[in-house]
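Every number in this text was worked out from the coordinates using simple rules, so none of it is lab data. Keep in mind it's a predicted model, so treat the numbers as computed, not measured. Here the Cβ positions follow ideal geometry from the backbone for every residue, glycine too, while neighbour counts run over all protein chains shown.
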């Protein structure tokens, strides 16, 4: 009988790709998602791609009684925890919401896990916990100094997990610090569909290419980088999804707290990404140089050696795959998932 994995936020961008990877690896999947920044249609498509079914519950993990009922019914073997808000700017404007939605919610989830003797969690953390690093590439043992409430909320959950493992040494917590997820499944059926104006570079570029937006604002061209624009470690979302499967396989019920960077280990500048996307789409990407944003740093990329050694994982998809897969998703879904959910409900 296959292990049953409860995935919080499983209808979101990274969550939906990870659900597909889990199903293809032979796991059974239960998704809990409040659909605040995601779409039920993504999971319908995951089911089609995998020829498997997903148990879906529309619920907020802050609702302890709802979560208890789901655990009682589904009896999961482990949890992958994606659910949370993730916009840096919004976190500065709404810090209390971020601490409630990201930190308090995680506390509720962990308490219910303990109640039902579920002893393994893979947590979706972020490279934002490092803040502005003293050097690159960034290793897991670097100083943690997040510069905004979003990053601090991620670090607080990391600390909760570390403290829980001290109190319950048999509990297994794997913390995955992502760098910059981009791309889409190669089928073009699932991808990134942000609500409103995108906060991240790739969906913004692809929306300009498809004609939904007129131009891209490049924030700062005077950084000490190859072309003056910010450099980030972009990782294909399918590589990221594979990292979660490997984390479950390597650390299921093994006890302890284990922390890994998930990145490619190399940086790509904003203009390099823009030019690669323009080549893949054969579309001009109009852009203008705008002032630097407060809190932005010049360069940020991972040392992912530890994940290679202990998870037997490494990123395999290059920049060309990232932009081609993003463009395929955007071409096939120019308005994202919009409209398809209503159509599906009529079938």
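From the coordinates of this entry, Rg and Dmax of the Cα atoms in Å is computed, and it appears in [x] 19.3, 56; [y] 19.8, 69; [z] 27.6, 92 under the label [x]. When the Gaussian network model of the chain links Cα atoms closer than 10 Å, the mean-square fluctuations of 119, 265, 220 top out at 220. Ordered by the count of other Cβ atoms within 10 Å of each Cβ, fewest first, 257, 300 give 257, 300.
Ordered by packing density, taken as the mean number of other Cβ atoms within 10 Å over each peptide's residues, highest first, how do 266-274, 192-200 rank?
With the highest mean Cβ count within 10 Å placed first, the list reads 266-274, 192-200.
Take the Cβ-Cβ distance between residue 75 and residue 145 as r, set R0 to 41 Å, and report the resulting FRET efficiency rounded to the nearest 0.05. Efficiency computed from Cβ-Cβ geometry: 0.55.
Between the alpha-carbon centres of segment 259-334 and segment 8-75 there is a gap of 26 Å. Obtain the nm distance between the two label points defined at residue 35 and residue 53 by a simple spin-label model: each point lies 7 Å from its Cα along the Cα-to-C-beta direction. With each label placed 7 Å out from Cα toward Cβ, I get 1.9 nm. Extending 7 Å from Cα along the Cβ direction at residue 266 and again at residue 94 yields two label points whose distance is 3.8 nm. Across 161, 96, 311, mean-square fluctuation computed from a Gaussian network of the chain (C-alpha pairs under 10 Å connected) peaks at 96. Compute the long axis of helix 64-74 from its Cα atoms, compare it with the longest principal axis of the Cα atoms of the chain, and write down the angle in degrees, 0 to 90, nearest 10. It is inclined by approximately 70 degrees. Roughly how many Å is it from the Cα centre of segment 164-195 to that of segment 197-218, as a whole number? First find each Cα centre; the distance between them is then 24 Å.
Compute the long axis of helix 270-281 from its Cα atoms, compare it with the longest principal axis of the Cα atoms of the chain, and write down the angle in degrees, 0 to 90, nearest 10. Helix 270-281 sits at roughly 90 degrees to that axis.
Sort 56-65, 224-233, 284-293 by packing, meaning the average of other beta carbons within 10 Å per residue, with the highest value first.
Details: 56-65: 16.2, 224-233: 18.6, 284-293: 12.5.
Ranking, from highest mean packing down: 224-233, 56-65, 284-293.
Ranked by the mean number of other Cβ atoms within 10 Å per residue, highest first, peptides 71-78, 36-43 order as 36-43, 71-78. Calculated FRET efficiency, residue 279 and residue 338, Cβ-Cβ r, R0 35 Å, to nearest 0.05? That pair, residue 279 with residue 338, gives E of 0.80.
Against the chain, whose longest principal axis comes from its Cα atoms, helix 237-251 is set at around 30 degrees. Between residue 104 and residue 310, the contour length at 0.36 nm per residue exceeds the Cα-Cα span by 71.1 nm.
For the chain, the mean residue ellipticity at 222 nm estimated from helices alone is -12000 deg cm²/dmol, where every DSSP H run of n ≥ 4 contributes -39500 (n - 2.57) and the total is divided by all residues, rounded to the nearest 500.
Could you list 31, 112 in order of exposure, starting from the residue whose Cβ has the fewest other Cβ atoms within 10 Å? Least to most surrounded, the residues fall as 112, 31.
The stretch between residue 221 and residue 163, if pulled fully straight at 0.36 nm per residue, gains 16.7 nm over its current Cα-Cα span. DSSP beta bridges confined to segment 4-346 are antiparallel in about 5 percent of cases.
When you restrict to C-alpha pairs under 8 Å that are six or more residues apart and normalise by the size of segment 1-120, the relative contact order lands at 29 percent.
If you take the square roots of the eigenvalues of the alpha-carbon gyration tensor of segment 72-147 and sort them as a ≥ b ≥ c, do you get rounded (a/c under 1.5), prolate (a/b over b/c) or oblate?
Taking the square roots of the gyration eigenvalues as a ≥ b ≥ c, segment 72-147 is oblate.
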